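K.L.:
Below: one structure in structure tokens.
The values are calculated or read from the model by the stated rules, or taken from the named source; none is laboratory data. Quick caveat: nothing in here was measured; it's all calculated off a predicted structure. With ideal geometry, Cβ positions are generated from the backbone for all residues, glycine too; neighbour counts draw on all protein chains shown. The accessibility values were calculated without ligands, DNA or RNA, using every heavy atom of the protein model including side chains. Shrake-Rupley method; radii C 1.70, N 1.55, O 1.52, S 1.80 Å.
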Amino acid sequence: MKPQLAIALALLGLGGSWLGAQGQKVVAIHAGQLFDGKSDRLLSNQVIVIQGDRIAEVGPAGSVKIPAGAQEIDLGSGTVLPGLIEGHNHMFKVGDHPGADSDASVPAVIEPGTPFSAPYATLLAAKNAKLDLESGFTTARDLSSGSTADVDLRNAINEGLVPGPRMRVATEGMRGSIAGPRYFHLVDSPWEGRKQVRIQLKNGADFIKIYAAGIRANPDIGYGAPTMTLEEQQAIVDEAHRQGVRVACTAHAGVAVRQSIEAGCDSLELVTDIDAESIRKVVEKGTYMTFGLTITKLQAMKQNFPMAEMSKASFQRALKAGVKIAFSVNATGAHGKQVGPYHGEEGVEFALMVEYGMTPLQAIRSATSVGAENIGWKDRVGSIEKGKFADFVGVSGDPSKDVTELERVKFVMKGGQVVRNDLKGSGANLSRK
């Protein structure tokens, strides 16, 4: 190494011996226990070698060679897991806000009449992203902000301007009736649906969101009345698939669920009530499902509507049938009149998934390897494997026995960079060179 370069690196606090063959920083994590995101058990005494933002090697401590001079982070007896994936997120769902009217709890990007500006809502969304990242969710799929502001937030995170998870975004989203939220684009024909797919992809969307049904019941159809015709929904899905992107359909129940399955949606979002025949078709097609059990339970308590019982029964029916269930919370952004869970507190969902019948590791897989498949990123995130992003969380206990450990994440790394490390100084974590 040239003397000038060595001096420059020393001034930057890097040190020449920390750099890999491609000039990237090398870090080694020592984990007392490790869950790789795929297996049925925890592995003991593991080492993860990171080069730059990727995993270079992982395996038992005795078999992994740590490059000389690598930065070493010892997490003692703690458990390391892949970074968690939130499958149904709304960064711009800001909730109640000081100065807002008492009933103003809407995504504030374009909804008319909100008491604060879209730029201010974007700042609140950036705060939500930071809270999610610090709580261990290193990847999030945002199911529509009502504009292209989610694209800007995604890009700002990718460029390192603000902290947050890796994001998959839907931009505006689509609905098919005036009953849906106004911040989704109104589609009134199959050709309009195809046009909007192209527009949203041009505007930066990573996938397409359809608001197929709300939680309000139609007196003639019942709970789960669809917002659009089957032909409209089929056209949207077909066009998206032609463009090589996935489609997420919020379809709470009934006709909307059945129609979304027939239309070919890749995931059914926030399912509340689904019958056995529909579940059979979901398994047959390989469709993913998300539930949002905690928020449904809280909404049911507030609205005196039996959504929680429906949701629990549907979840258990889907679990028994082998449906691919991805982790989902649908968090809101601020403590106030709107029910939680809130950004930064999504980990509470794991406990309810286990209470309703999953094993702790099944629940964790829903937010790791299964979650990565659901968003089309199984080659990047969701498991601790060579070549994938170095995204990890660490807890002090054993989440395979007590899944609530994931409500108390102590260590977060994204892309090889430590986001937080609350184990430092506890005797369980010693950073050494």
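K.L.:
Anything in the range 391-402 that is surrounded by fewer than 24 Cβ atoms within 10 Å (Cβ to Cβ) and either of a type in the set (Ser, Thr, Tyr) or within 18 Å of the chain's Cα centre (by Cα) (or both)? List them, or say none.
P.N.:
Matches in the range 391-402: SER396, SER400.
Each row is one residue, and each column tells you yes or no for (1) surrounded by 17 or more Cβ atoms within 10 Å (Cβ to Cβ); (2) modelled with pLDDT of 95 or more; (3) touching a Gly at 6+ places or on another chain (Cβ under 6 Å).
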position	(1), (2), (3)
ASN155	no, yes, no
ARG182	no, no, no
TRP191	no, yes, no
PRO219	no, no, no
ALA225	yes, no, no
HIS241	no, yes, no
GLY244	no, yes, no
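K.L.:
Let me ask another. Output the number of residues of the range 246-265 satisfying the condition of being surrounded by fewer than 24 Cβ atoms within 10 Å (Cβ to Cβ), assigned to a loop (DSSP other than H, G, I, E, B) and not small (Gly, Ala, Ser).
P.N.:
Summing the residues that are surrounded by fewer than 24 Cβ atoms within 10 Å (Cβ to Cβ), assigned to a loop (DSSP other than H, G, I, E, B) and not small (Gly, Ala, Ser) in the range 246-265 gives 1.
K.L.:
Another one. Anything in the range 165-180 that is open to solvent by less than 10 Å² (accessible area, probe 1.4 Å), in a loop (DSSP other than H, G, I, E, B) and of a type in the set (A, V, I, L, M, F, W, C)? List them, or say none.
P.N.:
ALA170
K.L.:
Going through the range 114-164 one residue at a time, which ones are touching a residue at least 12 places away in the same chain (Cβ under 8 Å), part of a loop (DSSP other than H, G, I, E, B) and either within 19 Å of ASN330 (Cα to Cα) or out of contact with any helix residue (DSSP H, G or I) (no Cβ under 7 Å at 6 or more places or on another chain) (or both)?
P.N.:
Matches in the range 114-164: THR114, PRO115, PHE116, SER135, GLY136, LEU143, SER144, SER145, GLY146, SER147, THR148, GLY164.
K.L.:
Also: Please pick out the residue among VAL26, VAL49 that is open to solvent by less than 40 Å² (accessible area, probe 1.4 Å), under 24 Å from ASP74 (Cβ atoms), modelled with pLDDT of 95 or more and over 26 Å from the mean Cα position of the chain (by Cα).
P.N.:
Result: VAL26 is the single residue among VAL26, VAL49 that is open to solvent by less than 40 Å² (accessible area, probe 1.4 Å), under 24 Å from ASP74 (Cβ atoms), modelled with pLDDT of 95 or more and over 26 Å from the mean Cα position of the chain (by Cα).
K.L.:
Which ones in the range 38-72 are free of Cβ contacts under 8 Å to residues at least 40 places away in the same chain and of a type in the set (Lys, Arg)?
P.N.:
Hit for the range 38-72 is LYS65, nothing else.
K.L.:
Quick one: which residue in VAL348, VAL381, VAL370 is within 28 Å of ARG246 (Cα to Cα) and out of contact with any Asp or Glu (no Cβ under 9 Å at 6 or more places or on another chain)? Spell out how you get there, then give the answer.
P.N.:
Details: VAL348 fails: out of contact with any Asp or Glu (no Cβ under 9 Å at 6 or more places or on another chain); VAL381 fails: out of contact with any Asp or Glu (no Cβ under 9 Å at 6 or more places or on another chain).
Every option except VAL370 fails the conditions.
K.L.:
What are the residues in the range 279-296 that are out of contact with any Lys or Arg (no Cβ under 8 Å at 6 or more places or on another chain), assigned to a helix (DSSP H, G or I) and within 16 Å of LEU352 (Cα to Cα), if any?
P.N.:
Hits for the range 279-296 are THR294, ILE295, THR296.
K.L.:
Sticking with this structure for a sec: Among (1) more than 21 Å from MET358 (Cα to Cα); (2) of a type outside the set (S, T, N, Q); (3) crowded, with 24+ Cβ neighbours inside 10 Å, there is one condition LEU268 misses while meeting the rest; what is its number?
P.N.:
The one condition LEU268 does not meet is (1).
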